[in-house]
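First up is the structure itself, then whatever we jot down about it.
The values are calculated or read from the model by the stated rules, or taken from the named source; none is laboratory data. Everything numeric here is computed off the predicted structure, so don't read it as measured data. Counting neighbours? That spans all protein chains shown, and the Cβs are built from the backbone with ideal geometry, glycine included.
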Ligand code: MSP
């Protein structure tokens, strides 16, 4: 079974920030989870390099668009291993192989009769690289996202006949309620469509930084057409030594934030229909990470507003796994939510260092002290086993719906349960009473087993920490999801954790 997952491709007009890391980590958690399920996973991320925003930024900096793209694409590429993203490929839309495939695809759209030449006039945001509809213009003709004045623009363009797909798109949303999640975003996308679709500009004549329109080389494609196609073109050259489009297309799951919903939920399926290609199975739309601005208001973290949290700095202090954990613990995937340095520190201390790190250190230390480092081969405690019953199934089901935060909460409930178990059983007291030796065996085995199960399930979230802990528990069976059953593994020989998993700061 194949599982093809994508993130948006990021603009190279500035450096990466935590918002970009967030989408990529979310997709990575799901990619890793599906690998744990033994599926043929392909995970794609990359950079969106053409278009006016990049051309303008390059002009401001006195470099060519290509130079700017190379410089910033390298920063995004460097971000991926740093956040432990396990992407199988990193696409850059300036790649000539991508351009060729875009041209071939769009030629099909042209030959199928879905484009025409016309005059466009409208309010245009150079940062969004988008003409705004009447209901998308903020006060004083400004962009509601970037808060900058919009330009009145007019030009001769090629148009994509989006309006011709009105019925097919309505049909798609009527018959496929899972096409966009969460439901609120599904409804939003559907109302764009039922509101009536207008044709959209497909090319730009003023710009040279882009993919040339093959039937009219004086134009380049409007950047969104070139960008959306990355999800499709990458499979032909980025997925190994042969073209894997037939094996991997359509995408199983596409992750993005609500800022680019319209492009993905309306224009993208219409483009695919226009070329006769199957549609992605599902789009999952997450919310914004917000931070307080100078006035104390929670606003979207974005490079143009300047209120960004530098993921590199955060990782230097707390480690990559802590960042990965925090983002999905603090903000429910799918909703907006505020992040802060104080929030990081508090969750790091109470949840990672105490709940999980301390549990691991104590469990291993007790096995070392009371049983010479060998986890007793005793029966597991049936009461604790009952509390773990169904956990793996719940996590799988939640992650099938991309409910990353909810799945993490279920796992964390068991981490807390294990901490309570230590307090209830007080192994240090049992150790003093030789008659309780059998019971102590059960308690230690059960703790090690509980810890192992949560660690298998946390692997997708915190790959480094969980590798280390599995090693320390003397387990070498890997992280296959069907090993996440309480009582399923044999006991191992433990090694003390030094330093602890999450050292106190
Ligand atoms: N290049 C386009 C996308 C093309 S996809 C075919 C683009 N790029 S972007 O650099 O602006 O990235 C937007 C995406 O980055 C969002 O959809 C989201 O995935 C992520 N985020 C950027 N800022 C974010 C937050 N503050 N919070 C959450 N996600 C954020 O749009």
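Out of curiosity, is residue 315 modelled with pLDDT under 95, away from the ligand (no atom under 11 Å from the Cβ) and buried (at least 18 other Cβ atoms within 10 Å of the Cβ)? Considered against the rule, which asks whether it is modelled with pLDDT under 95, away from the ligand (no atom under 11 Å from the Cβ) and buried (at least 18 other Cβ atoms within 10 Å of the Cβ), residue 315 comes out as yes. Going by the structure shown, is residue 173 assigned by TED's automatic domain parsing to the domain that holds residue 221 and in a helix (DSSP H, G or I)? In short, yes. Within the stretch 144-156, being within 19 Å of residue 198 (Cβ to Cβ) and at pLDDT 90 or above holds for 150, 152. Considering the stretch 212-239, the residues that are away from the ligand (no atom under 12 Å from the Cβ) and farther than 17 Å from residue 156 by Cα include one that is surrounded by the most Cβ atoms within 10 Å (Cβ to Cβ), namely 235. Against the numbered list (1) touching a residue at least 40 places away in the same chain (Cβ under 8 Å); (2) over 26 Å from residue 343 (Cα atoms); (3) within 13 Å of the ligand (Cβ to nearest atom); (4) not in a strand (DSSP E or B), residue 274 comes up short only at (3). Among the residues of the stretch 51-58, not a single one is modelled with pLDDT of 95 or more and assigned by TED's automatic domain parsing to the domain that holds residue 125. Go through the stretch 71-119 and count every residue that is modelled with pLDDT of 95 or more, surrounded by fewer than 16 Cβ atoms within 10 Å (Cβ to Cβ) and farther than 28 Å from residue 327 by Cβ. The total comes to 11.
Looking at 189, 164, 181, can you tell me which residue is over 31 Å from the mean Cα position of the chain (by Cα), in the same structural domain as residue 252 (by TED's automatic domain parsing) and touching a residue at least 12 places away in the same chain (Cβ under 8 Å)? Steps first, please.
On the way: 189 fails: over 31 Å from the mean Cα position of the chain (by Cα); 181 fails: over 31 Å from the mean Cα position of the chain (by Cα).
From the options 189, 164, 181, the qualifying one is 164.
Where helices (runs of 4 or more DSSP H) fall entirely within the stretch 396-470, those with at least 3 residues that are buried (at least 19 other Cβ atoms within 10 Å of the Cβ) are at 404-425, 437-458.
Take the conditions surrounded by fewer than 22 Cβ atoms within 10 Å (Cβ to Cβ), farther than 23 Å from residue 219 by Cβ and more than 14 Å from the ligand (Cβ to nearest atom) and apply them to residue 35. Does it pass? Write out each step before concluding.
Values: surrounded by fewer than 22 Cβ atoms within 10 Å (Cβ to Cβ): yes; farther than 23 Å from residue 219 by Cβ: yes; more than 14 Å from the ligand (Cβ to nearest atom): yes.
Yes; evaluated as a whole, the condition is true for this residue.
Out of the stretch 318-341, which residues are at pLDDT 95 or above, part of a loop (DSSP other than H, G, I, E, B) and in contact with a helix residue (DSSP H, G or I) (Cβ under 7 Å, 6 or more places away or on another chain)? Of everything in the stretch 318-341, just one residue is at pLDDT 95 or above, part of a loop (DSSP other than H, G, I, E, B) and in contact with a helix residue (DSSP H, G or I) (Cβ under 7 Å, 6 or more places away or on another chain), namely 332. Remark: pairs (first residue in the stretch 1-23, closer than 12 Å to residue 255 by Cα; second residue part of a loop (DSSP other than H, G, I, E, B); Cβ separation under 6 Å; 6+ apart in sequence or on different chains) = 4/251; 4/252; 6/251. Taking residue 69 as the residue in question, decide whether it is free of Cβ contacts under 8 Å to residues at least 12 places away in the same chain and within 16 Å of the ligand (Cβ to nearest atom). Against the criterion (free of Cβ contacts under 8 Å to residues at least 12 places away in the same chain and within 16 Å of the ligand (Cβ to nearest atom)), residue 69 does not qualify. Go through the residues of the stretch 297-311 one by one and say whether even a single one is touching a helix residue (DSSP H, G or I) at 6+ places or on another chain (Cβ under 9 Å), modelled with pLDDT of 90 or more, crowded, with 21+ Cβ neighbours inside 10 Å and over 13 Å from residue 228 (Cβ atoms). No, there is no match, as no residue in the stretch 297-311 is touching a helix residue (DSSP H, G or I) at 6+ places or on another chain (Cβ under 9 Å), modelled with pLDDT of 90 or more, crowded, with 21+ Cβ neighbours inside 10 Å and over 13 Å from residue 228 (Cβ atoms).
For the stretch 240-265: of the residues being away from the ligand (no atom under 13 Å from the Cβ) and in a helix (DSSP H, G or I), which is surrounded by the fewest Cβ atoms within 10 Å (Cβ to Cβ)? I'd like the intermediate steps shown before the answer.
First pass over the stretch 240-265, keeping only residues away from the ligand (no atom under 13 Å from the Cβ): 240-250, 252-253.
Narrowing the set further to residues that are in a helix (DSSP H, G or I) leaves 245-248.
Numbers: 245: 17, 246: 9, 247: 14, 248: 21.
The selected residue is 246.
Among the residues of the stretch 1-30, those identified as near the ligand (Cβ under 8 Å from one of its atoms), part of a strand (DSSP E or B) and within 23 Å of residue 281 (Cα to Cα) are 7, 8, 9, 10. Scan the stretch 120-142 and give yes if some residue there is touching a strand residue (DSSP E or B) at 6+ places or on another chain (Cβ under 7 Å), buried (at least 19 other Cβ atoms within 10 Å of the Cβ), more than 22 Å from residue 48 (Cα to Cα) and in contact (Cβ under 8 Å) with a residue 12 or more places away in the chain, otherwise no. Yes, that holds for at least one residue.
Could you tell me which of the residues 41, 54 is over 30 Å from residue 456 (Cα atoms), touching a strand residue (DSSP E or B) at 6+ places or on another chain (Cβ under 8 Å) and more than 9 Å from the ligand (Cβ to nearest atom)? If you could, list the steps in order and put the result at the bottom.
Values: 41 fails: over 30 Å from residue 456 (Cα atoms).
Testing whether each residue is over 30 Å from residue 456 (Cα atoms), touching a strand residue (DSSP E or B) at 6+ places or on another chain (Cβ under 8 Å) and more than 9 Å from the ligand (Cβ to nearest atom) leaves just 54.
When residue 281 is tested against (1) more than 13 Å from the ligand (Cβ to nearest atom); (2) farther than 30 Å from residue 183 by Cβ, exactly one condition is not met: (2).
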